[in-house]
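The values are calculated or read from the model by the stated rules, or taken from the named source; none is laboratory data. Here the structure is a predicted model, which is why all the values come from computation and not from measurement. Cβ placement follows ideal geometry from the backbone for every residue including glycine, while neighbour counts extend to all protein chains displayed.
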Amino acid sequence: MITRIDVQDGEEDGPEIEYFPDGTKESEGTYSKGTVVGEWRTWYPNGQLKQFSHFDRWGALRKRQRWDEQGNLIDELESPGFHGDQW
């Protein structure tokens with residue numbers, strides 16, 4: 001696995017991308033001052049989307065969907081988070 005991430009003032013800040021050994025994306029998402037935020041995605045080695053997660057600006061998981069290697073949705077979660085409608 002190869003990882004690319006930006007660090008500012010000792011904290012992860014900005015996009016993070018991880019790659020499988022063959023160079024295809026394994027995961028990608030964004031950090032803001034050390035906190036996971038926004039959309040995150042992970043893939044299977046065959047290129048099929050494995051998981052989609054959406055975090056609010058405080059790092060609380062608001063939505064998650066997971067698929068099997070054939071592309072069938074196997075799990076879905078939505079949460080109002082700690083801050084209600086604020087993202």
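Here are some notes:
- Here the condition is being of a type in the set (D, E, K, R), part of a strand (DSSP E or B) and within 16 Å of Gly81 (Cβ to Cβ); of Glu28, Glu39, it holds for Glu39 alone.
- Pro21 meets all of the listed conditions (1) more than 20 Å from Phe82 (Cβ to Cβ); (2) in contact (Cβ under 8 Å) with a residue 12 or more places away in the chain; (3) assigned to a strand (DSSP E or B) but one, namely (3).
- Leading residue by the ranking (nearest to the chain's Cα centre (by Cα)) among those in segment 13-29 that are buried (at least 17 other Cβ atoms within 10 Å of the Cβ) and at pLDDT below 95: Glu16
- Contact annotation: residue pairs with Cβ atoms under 6 Å, 6 or more positions apart or on different chains, pairing a residue in segment 49-77 that is part of a loop (DSSP other than H, G, I, E, B) with a partner that is among the aromatic types (Phe, Trp, Tyr) and modelled with pLDDT of 95 or more, are Glu69/Tyr44.
- Qualifying residue in segment 62-84 (condition: crowded, with 16+ Cβ neighbours inside 10 Å and on the phi > 0 side of the Ramachandran plot): yes
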